[in-house]
Amino acid sequence: MINGHMKTVSPSTTLEGYGERPSAPLRTALSERTHSTSLSVRPEFVKGRSESNGQSRTISPSLARRVNGGCKRSVKFYTLGCKVNQYDTQSIRERFLRQGFKELTGANKAERYLINTCSVTSVADRKSRERIRSCIRENPKAEVIVTGCLVNRDHEALSRIKGVGLLISKSFFPEGISSFSGHTRAFLKVQDGCNNFCSYCKVPLVRGASRSRPLNEIIQEAGRLAAGGFKEVVLTGICLGAYGIDLKPRRNLVEVIEALENIKGFLRIRLSSIELLDISEGLIKKLADSDKLCRHLHIPLQSADDSILKRMNRRYSALDYLKTVSRLKREFPDIAITIDCMVGFPGETKANFLNTIKAIKAINPLRAHIFPYSARPGTKSSLFKYDITQAELRKRIEKLNEVASGCSLNYRKRFLGKRMDVLFENRLKDNPCFWQGYSSNYLKVAVKSRADLSNRLVTVQLKKLNSGFVTADLC
């Protein structure tokens, strides 16, 4: 708070791309706004000065200390939402730690809290606000910092939450990372934003147009992660397959994969998610040729009814999706397909829904993320008539979960008795005698061992299906 007013920090327009970088941690080009003034705070604020509209202005030394770190203090981080958000939090975490902050977890009260919010659905909005209020209750005297997608569209509502001291716009690009706290697999963000404008999706409104990171920066960051001991890297973006379309010269995702294949230390490269229309001939060829690219693709489906897909502004048909998946399974029999599926889009009839059920049975996904439609303000579909009862919505979700569970069981059964390489991560919380990890095709595997298997790629033989994972024996 400044003079009793909420303080908002947002990026300078010079940081719209990856090309420019602050010269030191936490010196991102920022602007501080009160109810009556607007002040651009550039990297020079560490010296207690700022430039606004080309003019130099003195700012509070206490503000410089607050943003740049000041004395050693404690901080807690909370992340809601996607892998991109997790990456962004890690970047922010590293900047705080470089400035001497101590990260706290559990019941310990911190002097600062940073909540990286999600706004993809109304449930995500609610959970973000709940987390903010929970932090305020935990330590009413702390400075609570809120960033993420919810800030970009709901600034005014967040500013009215008593106890929130700082709102930071999410349209800036993080400085990069050199580790990934609490993970064995490192997420590497290569792209942000989206140009697709699906009729239900708020993401382009809060993250903007598709923007790609220069390949040389990706390679440098990947090298730091490999040097830090990470053996699997997960390429992450809001619309990952759009990588490179905005770069000059134009590049593509396969070039990123090929560059990372040459980095010593990486055993696996995984794609976080890719749209159907971004699965190119080059990517399919790379899946065939690469011994590091994981045989797992998460391909959002959303619906398998053509009339609903059209209203969603999804630029493919159900047949397009099924043909691509059929080809992938024909060329890579062990490949895992995971999907997103939305239930209850405005106008979805029982017949529309049954078309989706039929398609999912044909796809036979390893996993399906099933979620109800949520009207997001500012999107085209928020204006559509909605006439599905909550009872009918729950019934459809229950049915879809039942079908998806059966598909997962059928897929995993195929691998019983087979040997697979598994990259182990940690012990099972409810049974610490077992270590858990993932195969290349995203099977969650648990094995009993007294040895420390963390971050080790080990060959196992799959033995028995359990709820959510497969038990195995060491070979």
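Compute the separation of the alpha-carbon centres of region 227-289 and region 322-375 and state it in Å as a whole number.
Spelled out, the Cα-based centre of one part sits 23 Å from the other.
Count charges around ILE269 for me, please; just the other residues with Cβ under 12 Å from its Cβ, Lys/Arg as +1, Asp/Glu as -1. Don't skip to the end; give the middle numbers.
On the way: positive: ARG185, LYS231, ARG268, ARG270, LYS286, LYS292, ARG295; negative: GLU232, GLU258, GLU261, ASP291.
Result for the local shell: +3.
Give the Debye-formula value of log10 I(q)/I(0) at each listed q (0.14 Å⁻¹), with one equal scatterer per alpha carbon of region 185-413, two decimals each.
-0.94
Mind ranking 158-169, 192-203 by how tightly packed they are, going by the mean number of other C-beta atoms within 10 angstrom, highest first?
Top to bottom by mean Cβ count within 10 Å: 192-203, 158-169.
Among 387-396, 446-455, how do they line up by average Cβ neighbours within 10 Å per residue, starting with the highest?
With the highest mean Cβ count within 10 Å placed first, the list reads 446-455, 387-396.
So which lysines can LYS127 reach, going by Cα to Cα under 23 Å and dropping same-chain residues fewer than 8 places off?
Excluding near neighbours in sequence, the set is LYS7, LYS76, LYS83, LYS109, LYS141, LYS162, LYS170, LYS202.
Sorted by mean Cβ packing within 10 Å, highest first, what order do the peptides 87-96, 212-221 take?
Numbers: 87-96: 21.7, 212-221: 17.1.
Packing proxy ranking, top to bottom: 87-96, 212-221.
Sequence neighbours fewer than 8 away in the same chain don't count; with that in mind, list the lysines whose C-alpha is under 21 Å from LYS464.
Candidates past the 8-residue exclusion: LYS413, LYS418, LYS429, LYS444, LYS448.
Within region 319-365, which trypsin sites (Lys or Arg not before Pro) sit in a loop by DSSP and count at most 14 neighbouring Cβ atoms inside 10 Å?
Taking region 319-365 and a limit of 14 other Cβ atoms within 10 Å, no loop trypsin sites (Lys or Arg not before Pro) are found.
Let me confirm the definition first: pairs of Lys residues in region 220-338, 8 or more apart or on different chains, C-alpha distance under 21 Å. How many are there?
Qualifying lysine pairs in region 220-338: 11.
Which whole-number percent is the relative contact order of region 419-474 (Cα, under 8 Å, 6+ apart)?
36
Computed from the coordinates by the stated procedures, all read-outs in this text should not be read as laboratory data. Everything numeric in this text was worked out from a predicted model, so none of it was measured. Neighbour counts are summed over all protein chains in view; Cβ atoms, including those assigned to glycine, are modelled from backbone coordinates with ideal geometry.
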